[in-house]
1. Criterion first (more than 29 Å from Glu85 (Cβ to Cβ), among the β-branched types (Val, Ile, Thr) and touching a strand residue (DSSP E or B) at 6+ places or on another chain (Cβ under 9 Å)) does Val126 satisfy it?
2. Do you know which residues across region 156-202 are at pLDDT below 95, more than 16 Å from Pro109 (Cα to Cα), of a type outside the set (S, T, N, Q) and part of a loop (DSSP other than H, G, I, E, B)?
3. Condition test on Ile139, is it in contact with a helix residue (DSSP H, G or I) (Cβ under 6 Å, 6 or more places away or on another chain) and either over 20 Å from Ala191 (Cβ atoms) or part of a strand (DSSP E or B) (or both)?
4. For a quick check of your reading of the model, give me the residue pairs whose first member lies in region 178-206 and is farther than 21 Å from Ser55 by Cβ, whose second is assigned to a helix (DSSP H, G or I), with beta-carbon atoms closer than 7 Å and at least 6 apart or on different chains.
5. Considering each residue of region 92-132, count those that are more than 20 Å from Thr17 (Cβ to Cβ) and free of Cβ contacts under 8 Å to residues at least 12 places away in the same chain, and give that number.
6. Please determine, by comparing only the residues of region 51-82 that are touching a residue at least 60 places away in the same chain (Cβ under 8 Å) and in a loop (DSSP other than H, G, I, E, B), which one is nearest to the chain's Cα centre (by Cα).
7. Which count do you get for residues in region 11-43 that are touching a strand residue (DSSP E or B) at 6+ places or on another chain (Cβ under 9 Å), in contact (Cβ under 8 Å) with a residue 60 or more places away in the chain and surrounded by 15 or more Cβ atoms within 10 Å (Cβ to Cβ)?
Amino acid sequence: MPFMYWESRVLTHAASTVMGQVRFGGKPFREYFQAAWRTLFADEIGVLGIASSGSLYPLAKDNVDTHGKYGFTIAQLKKYLLRNEWKFHAGHPLTVDNLSDPDSWGEAPLGGNAIRLNSRKLADRVRDDHGETVESKEILMWLTGSVILHELLHAQGFTHPRLSDDPDIRAAQKRVGSDYRQSFNEIAQRAVHTASPFPHELDAFT
């Protein structure tokens, strides 16, 4: 059965280039991406992160028990967030590409084999809200990880209602308990927020 480890992803040339160009706190964004991957899945020697070890499952399950779910089953929640069973692995890695859309943190074709991250938008948004401090470096790492997991679940075939361009409708769509908020993508992303030292700061971004 495939599992998500350090070798389960590969960066495109474009992603690697932009992650090297975008800097935050004196470091290239690539280092924040790598730290986020270690935190979620595994490091270079196989020490498991919070998603691969099953630590996110009880946080996600508590959300489901409290507010319900949209578009997935408890069996699927267990498959991915408890047993770490994904379609990607060292022999079939997830492709991580660059995204330049100024309106998106990331995106992924539904059921595809790639995700795209907007390194520049992630770094700029954290810088705008929190400056470049020791704490904001950690916030950027956790935010990056939560976006990776959200988009990874799109690649696994899970989706959520499309958000409206109208600010008032969009706010209603994102309220606690809505179909959007209770999609697998959002529940997993917010489980990462809850697991972090900065849940309120991270929730404010999304």
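The values are calculated or read from the model by the stated rules, or taken from the named source; none is laboratory data. Quantities reported herein were computed from a predicted structural model and do not represent experimental measurements. Using ideal geometry, Cβ is built from the backbone for each residue, glycine included, and neighbour counts are taken over all protein chains shown.
1. Numbers: more than 29 Å from Glu85 (Cβ to Cβ): yes; among the β-branched types (Val, Ile, Thr): yes; touching a strand residue (DSSP E or B) at 6+ places or on another chain (Cβ under 9 Å): yes.
In short, yes.
2. Leu163, Asp165, Asp166, Lys174, Arg175, Val176, Gly177, Asp179, Tyr180, Arg181
3. Working: in contact with a helix residue (DSSP H, G or I) (Cβ under 6 Å, 6 or more places away or on another chain): yes; either over 20 Å from Ala191 (Cβ atoms) or part of a strand (DSSP E or B) (or both): no.
No: the conditions fail for Ile139.
4. Hits for this filter: Tyr180/Gln173; Tyr180/Glu186; Phe205/Arg125; Phe205/Leu143.
5. 3
6. Ala51
7. Here the count works out to 9.
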